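A short write-up of the structure that comes next.
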Amino acid sequence: MLRRIGASLSLAALSWHAAAADYPAAAAARAIKDPAAGWDHLWHEVLIDITIIGVIFALVMTYFLIRYRRKPGDPKTGSAPKLSPAAAVAWVVIPVFVFLADDLYIAANGWALWNNFRDVPADRMEVRLESGMYSWDYTYPNGVRTQNELRVPAGKAVMLRMTSRDTLHSHWIPDFRVKEDSMPGRITYMWFLPKQPGEHIVTCGAYCGIMHSYMAGKVIVLPAEEFKTWLDQEAARQGVAGKTA
Ligand SMILES: [Cu+2]
């Protein structure tokens, strides 16, 4: 039942998918299991579940408040009715199983989603990222470098291989529902699926120093052809050799 309510309340997310279909590359992109949609789905699921649980608790509590309220001259005030052992056990066991079942369902979905997020599609563009106080430095497969601006083609999965030259940073693109730490001496990764042209904010999700809040950039999603042209032009301008991504 929760799933059905969840589905009906996720209309906003569905209409977003419908809008994505307008762009030609979106069809190819839909073949890849995009974790961003999964995060949204799980988030709605959690909101719906805690709302239902909250309403149930409020109703039961309100009923008890009225049912067992103090009445003038009632000698039984302050003494609860005695429960049979079976009723006492049921009052503990049934709610525990109901809530535990819901917790396990959410946890299992979260685990599946995490695996999806860690499983990078084979057909992808890889960009290296070195973060530092206070910038995001990207290097494309052909050697083109950019700072605080990650241009990507629409409809293709993008993977970032990340490290840091100084301290802990966290590359966060809220629109794509991805955030991952970058740190010195270690390679971490993230991937996301830009479906249609547009601009998205990148910000640092880990407090990394006095100028942390200035560590912002953007992801610019371009139509695939336009991206290729830009990358070739940049390669020529920056004087880097090598094949285009
Ligand atoms: Cu930072």
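Please treat every number below as a calculation from the coordinates, not as lab data. All values derive from a computational prediction rather than experimental measurement. Ideal geometry is used to build each Cβ from the backbone, glycine not excepted, and the neighbour counts take in all protein chains shown.
Values computed for the structure shown
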read-out: Counting DSSP beta bridges with both ends in region 114-168, the antiparallel % (nearest 5); value: 50 percent
read-out: Global geometry of region 100-239, whether rounded, prolate or oblate, following the gyration tensor of its Cα atoms and the 1.5 cut on a/c; value: oblate
read-out: Student exercise, region 124-238 dipole from Lys, Arg, Asp, Glu Cβ charges, in Debye to nearest 20; value: 220 debye
read-out: Between region 181-245 and region 79-94, the Cα center-to-center distance that results, in Å; value: 60 Å
read-out: Peptides 121-132, 155-166, 222-233 ordered by average Cβ neighbours within 10 Å, highest first; value: 155-166, 121-132, 222-233
